[in-house]
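What follows is a single structure, written as structure tokens, with notes after it.
Read-outs: derived from the displayed coordinates by stated rules, not from any lab. Worth saying up front: this structure is predicted, and the values here are computed from it rather than measured. Neighbour counts are summed over all protein chains in view; Cβ atoms, including those assigned to glycine, are modelled from backbone coordinates with ideal geometry.
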């Protein structure tokens, strides 16, 4: 039944929302473009490859944008549920599972079996889908396409066209429009075009590794591998500047921006993973699990990934440093002492000055992780053959890249959008999100303030929180939301019909206020309100 034709006056509409004629037409255009891409995968093209690729991508873009306009333009600005829990694709129905299986299959082929996409091996020419992108790749970087170029092109296209859909849907909220334009800009410019154009500068005497300028350690866990460091140094001033910038980003730029704006400056305004989750993954955001048990699992998994990332990076750098202090100023022992000293300083600072911001289990977890890291680093001191637990550090590094960089962030993180929600990787696996969340919780000025007196407990905020936070429970109590996992996307505020939630950067005083709000014992409410 068409949405406009539904005659039910029930609060929860029992009718299944159908598609209008316009929606079906635009969906048809998009499906034709997608079928053309699938045919190219089987090496079936009926015209010049350049024209074929442009036509297929144009049809997909027209289909998505046209469908979006037909879906939202006739409605008043503002968020409606629009039967999201009744649609098969957005409620783990048959279409949702089929979409999840298709996306997961594509990622498995892309990462592990690229020859099925037509990637040429051992000097052979590309075929199939990869060959379709050869002219575009040669025009941008001067080389034939790889599976990563195909992926980067489709990834960027998805963020742009679904970003326009997102802007139409949330057109009533200026914040949503600005941050969506931001992720589209950073993905198109800094993650796609600039690195591809930079590769044209490579020659026999000058060679830069592929650099995503917005990717920061530990998200780019490979950045300090020996071959990349040597390549950057050999590239002269430009390469050295990029290497220095990557170090400054970790220790200076990231903490300052997180202090001022929270982790949202990166996770919701810059990051490509977050950009895809917010745009293409927006229809699935309500599928994130809100259970307390899942939140506890989330904390242990994501912080374990951080520990693993720190250890592997330390092991890799340690493996190619020298031991002779007369030859190298940065020796193996100096490096280990420096890393150990930095971690000890951070742990001591947190436990001395910020312990009240941590729950009891968080304190125990922090102490346990700290002991584990120092103990494992201590093993490097006695290691003579660059092994850890009888495993070569390079093998452990490859294992980390396979499990975290490929399986978790790619196959599960994106392929499972229709099953587990749009921020699976960000919630459970991204070490960058964990580090920024740690900074946000302890010293950022960012918080989401609530006006409990206006909350009507509709639950829109909790439903649409892609990070699995029960926002409504905070709003009902008038309690500020200061959570490590919060990416500051602001959708909870955008879908609130009463204006209860507001994203703010204010003083740290009174930022975390559960005791005063919950108990209200001996509290001057007027004074408290003025302070906030």
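Within a 10 angstrom radius of the beta carbon, how do 173, 289 rank from fewest other beta carbons to most?
The fewest-first ordering by Cβ neighbours comes to 289, 173.
Could you grab the relative contact order for segment 126-165? Cα pairs under 8 Å, six or more apart, rounded to a whole percent. Provide the component values of the computation, followed by the final result.
Details: 22 pairs, mean separation 12.0, N = 40.
Averaging sequence separation for qualifying contacts and normalising by length gives 30 percent for segment 126-165.
Which order do the peptides 465-478, 222-235 come out in when sorted by mean C-beta neighbours inside 10 angstrom, highest first?
Packing order, densest peptide first, comes out as 465-478, 222-235.
Rank by packing, highest mean first: peptides 19-26, 113-120, with packing defined as the count of other Cβ atoms within 10 Å averaged across residues.
Highest mean packing first, the order is 113-120, 19-26.
For the chain, what does the relative contact order come out to in percent, with C-alpha contacts under 8 Å and a separation of six or more? Before the final figure, lay out each step's value.
Details: 730 pairs, mean separation 79.4, N = 532.
Worked out over the chain, it gives 15 percent.
Applying a 10 Å radius around every beta-carbon, put 95-103, 154-162 in order of their mean neighbour count, most first.
On the way: 95-103: 15.9, 154-162: 20.6.
With the highest mean Cβ count within 10 Å placed first, the list reads 154-162, 95-103.
Fewest Cβ neighbours within 10 Å first, please rank 180, 399 accordingly.
Lowest to highest Cβ neighbour count: 399, 180.
Report the Cα centroid-to-centroid distance between segment 459-494 and segment 38-64 in angstrom, as an integer.
Distance between centres, Cα-based: 41 Å.
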